[in-house]
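Chemist: Would you mind keeping the following structure in view while I ask a few things?
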Amino acid sequence: MAVDERVGTRTAQLQAERERLVARGIATTPIFVDRAHGARLTDVDGRTYIDFVGGIGTLNGGHTPAKVVAAIHEQADRYLHQCYSIAQYEPFLEVCRRLIDCHPGAGPYKALLVNTGAEATENAIKIARYHTGRQAIVCFENAFHGRTLMGMSLTSKAMPYKKGFGPFAPEIYRALAPYPYRGIGTKEALESVERLFKSQVDPSAVAGMIYEPVQGEGGFHPATEGFVEGLVEICARYGIVYISDEVQSGMCRTGYPAAVTRWGIEPDLCAWGKSMGGGMPIGGVTGRAEIMDSVHPGGLGGTYVGNPVSCAAAIVSLDQVLDPAYQEASRVFGDRLRARLEDVASRSPAVGEVRGLGAMLALELVEDRATKKPAPTIAARTIELARANGLLLMGAGVLSNCIRILVPLVATDADLDEGLAILEASLREATAA
Ligand SMILES: Cc1ncc(COP(=O)(O)O)c(C=O)c1O
């Protein structure tokens, strides 16, 4: 339902307030949520939506999971906040213990808690620089690592993330990332890293390399076979810290606590966020103890890092993520979702490719399957039509022509059936327009 059809509704009143009060730089939709559970939410006018976005990958465990909500209530009655630099508390340690267990490999590992994914990537870079005594960072095409100065500098999409916000952090070098659908495979991408070391920065000056094993905002590109393995080999050769950004791909979205497990890799550092808090703001960095401990006391931290209420929620979420039965269920869910999306694609000529890993899946839309001309307008229109029909979808991709699916892993068959039917009908209508 378009906003102008809602004249006189609570939504229309609140939307007018939003326009008066809230900076327009925060782009959003004209939906005001009243309550949410599982994979559905209800707005202030009683309209219900199936949620295929899940707070952009923050709600793998669904809206208001009962155990997370109970843990939040219990913690809120005891204490809300301390500031970990002033007085410690057990839930912080319990989150670190579990997050370390999410880090692939035997360790020994240590952890640091922060508030957001951007803070996690920022801190991973700080740690890599301190540990190596070097400054340069290698990142990749299609990357998204957050909206802070460093996160934004590492990010590879100009509009809307970088336009007008320069100058960016120095000493950042960008290589190609695999994108087989548009001709970039493992070989080309790895060669571009070696080329960077010849033409732009000597590897002896590089502190860290950061890569999302399934690139999220950039279009849901999973690493190709041999790519992460190749990066890790290059990093080992030159003493570079390898950082796996698991903020969006982690927490069983792809069937594993860390998506990079799929390629048998043990990264030096991992950056975490989003679904680790079950809907509460918390992030973290884990990594090899000698790297994590290289920073002097006081060099890392922040007022709210590892807030106790967020920790209480994270303990429950992480217990779920570490449960092998949940990991297996998320893989089964991902397989089922992919099969369903392939089925939709088989009847939708605008879908050039269904791709992703596990339940982190996207459709890349094209005007013509032969020329692969990107179709950002069809993507935007599909999302708008779906919303009007009760399905939340979100775009992705450097070319803005992808639709990403981050539906909570607790979605029922009915949620999926209904949501996918709306998606297919919206795609059909958007393509015909
Ligand atoms: C891979 C990745 N890294 C970092 C971030 C930044 O996380 P946050 O928005 O919590 O700062 C995101 C957010 O989308 C992300 O997808």
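The values are calculated or read from the model by the stated rules, or taken from the named source; none is laboratory data. A quick note: this is a predicted structure, and the numbers were derived from the prediction, not measured. Here Cβ is always computed from backbone atoms with ideal geometry, including for glycine, and neighbour counts include all displayed protein chains.
Chemist: Out of the range 96-137, which residues are away from the ligand (no atom under 13 Å from the Cβ) and of a type in the set (Gly, Ala, Ser)?
Modeler: Gly105, Ala106, Gly107, Ala111, Ala128, Gly133, Ala136
Chemist: Between residues in the range 321-340 that are over 19 Å from Lys67 (Cβ atoms) and residues that are in a helix (DSSP H, G or I), which pairs lie under 6 Å by C-beta distance while being six or more apart or on different chains?
Modeler: Going by the 6 Å Cβ cut-off, the qualifying pairs are Arg340/Leu420.
Chemist: Then there's this: Here are some residues: Arg369, Arg381. Which one is part of a loop (DSSP other than H, G, I, E, B), more than 20 Å from the chain's Cα centre (by Cα), farther than 19 Å from Thr58 by Cα and outside the structural domain of Asn115 (by TED's automatic domain parsing)?
Modeler: Values: Arg381 fails: part of a loop (DSSP other than H, G, I, E, B).
The conditions single out Arg369.
Chemist: Consider Thr303 against the criteria (1) of a type in the set (S, T, N, Q); (2) over 20 Å from Ser85 (Cβ atoms); (3) more than 15 Å from the ligand (Cβ to nearest atom): it satisfies all of them except one. Which criterion is unmet?
Modeler: (2)
Chemist: Next up: What tally of residues in the range 138-170 results from selecting those that are within 14 Å of the ligand (Cβ to nearest atom) and not charged (D, E, K, R)?
Modeler: 18
Chemist: May I pose another question? Within the group Phe168, Phe197, which residue is assigned by TED's automatic domain parsing to the domain that holds Leu231, farther than 21 Å from Val241 by Cα, touching a helix residue (DSSP H, G or I) at 6+ places or on another chain (Cβ under 6 Å) and not aliphatic (A, V, I, L, M)? So that I can check it myself, show each step before the final result.
Modeler: On the way: Phe197 fails: farther than 21 Å from Val241 by Cα.
Sole residue among the options that is assigned by TED's automatic domain parsing to the domain that holds Leu231, farther than 21 Å from Val241 by Cα, touching a helix residue (DSSP H, G or I) at 6+ places or on another chain (Cβ under 6 Å) and not aliphatic (A, V, I, L, M): Phe168.
Residues checked against (1) free of Cβ contacts under 8 Å to residues at least 60 places away in the same chain; (2) under 23 Å from Ser400 (Cβ atoms); (3) assigned by TED's automatic domain parsing to the domain that holds Met292; (4) of a type in the set (Gly, Ala, Ser):
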{"site": "Gly218", "(1), (2), (3), (4)": "no, yes, yes, yes"}
{"site": "Gly226", "(1), (2), (3), (4)": "yes, no, yes, yes"}
{"site": "Ile243", "(1), (2), (3), (4)": "no, no, yes, no"}
{"site": "Val247", "(1), (2), (3), (4)": "no, yes, yes, no"}
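Chemist: Continuing with the same structure: Pairs only if they're at least six apart or on different chains, beta carbon under 8 angstrom, first in the range 148-173 and over 21 Å from Ser199 (Cα atoms) and without any contact (Cβ under 8 Å) to a residue 40 or more places away in the chain, second of a type in the set (A, V, I, L, M, F, W, C) and surrounded by fewer than 18 Cβ atoms within 10 Å (Cβ to Cβ); list them, first residue then second.
Modeler: Going by the 8 Å Cβ cut-off, the qualifying pairs are Leu149/Phe168; Leu149/Ala169; Met150/Ala169; Met152/Phe165; Met152/Phe168; Lys162/Phe168.
Chemist: Just checking, how many residues over the range 209-259 are part of a strand (DSSP E or B) and away from the ligand (no atom under 16 Å from the Cβ)?
Modeler: At the first step, the residues of the range 209-259 found to be part of a strand (DSSP E or B) are 209-211, 214-215, 221-222, 241-245.
Subsequent filtering for residues that are away from the ligand (no atom under 16 Å from the Cβ) retains 241.
The number of residues fulfilling the criteria is 1.
Table: residues versus (1) buried (at least 19 other Cβ atoms within 10 Å of the Cβ); (2) in a strand (DSSP E or B).
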site: Gln13; (1), (2): no, no
site: Arg18; (1), (2): no, no
site: Gly25; (1), (2): no, no
site: Asp34; (1), (2): no, yes
site: Tyr49; (1), (2): yes, yes
site: Val68; (1), (2): yes, no
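Chemist: Considering (1) more than 9 Å from the ligand (Cβ to nearest atom); (2) assigned to a loop (DSSP other than H, G, I, E, B), say which one Arg262 fails and leave the rest.
Modeler: With (1) more than 9 Å from the ligand (Cβ to nearest atom); (2) assigned to a loop (DSSP other than H, G, I, E, B) applied to Arg262, the lone miss is (2).
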